[in-house]
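What follows is one structure encoded as structure tokens, with my remarks underneath.
Each value in this text was obtained by applying a stated rule to the coordinates, not by laboratory testing. Keep in mind the model is a prediction, meaning the values are calculated, not measured. Glycine gets a Cβ as well: all are built from the backbone with ideal geometry, and neighbour counts include every protein chain shown.
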Amino acid sequence: MGYTYTSVEFEGNKGKRSPRTLIDTEATFITLPPELAEEIGIAKVPGKLKLKLTNGVQIKAQASSVIIEIKDRRVPATVVILLGSEPLLGTEALKALGLKPNPQTGEYTLRV
């Protein structure tokens, strides 16, 4: 099974960007690298949260919220700002958008 990527628009206080984003149905939250979070103006919440990564490693990371848009659907979502990460879309955001990815085609279907 290969990786599924899509274009997601992330919007913060300073602007928008639509980077190539990995869809990870094993992850809960969106992750963004600090450089992208800073560029679009995502406000960081004071302190850090304890999180467990998909590979089982436990970390502390900053979290916030971001507006995302895919296929003309816009919602606020939780974002974890993670050094060394690539843009990644987790299940919380997909459910909020009402979308289910098809890994074979890279397309989305509406959740019913």
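Brief remarks follow.
- Bridge type composition, segment 4-110 - antiparallel percent by DSSP, nearest 5: 85
- Computed over the chain: relative contact order in percent, which uses C-alpha pairs under 8 Å that are six or more apart: 30
- For the chain, fraction of C-alpha pairs farther apart than 16 Å, in %: 56
- Each of 54, 21, 91 has some number of other Cβ atoms within 10 Å of its Cβ, and from fewest to most they run 54, 91, 21.
- Within the chain, helix-based [θ] at 222 nm, where runs of 4 or more DSSP H residues each add -39,500 (n - 2.57), nearest 500: -3000 deg cm²/dmol
- Subtracting the Cα-Cα distance of residue 50 and residue 91 from 0.36 nm times their residue separation leaves 12.9 nm of extension gain.
- Chymotrypsin sites (Phe, Trp or Tyr not before Pro) within segment 1-61, DSSP loop, no more than 14 other Cβ atoms inside 10 Å: 3
- P(r) histogram, all alpha-carbon pairs of segment 55-104 included - 5 Å bins from 0, percent: 4, 16, 26, 23, 16, 12, 2
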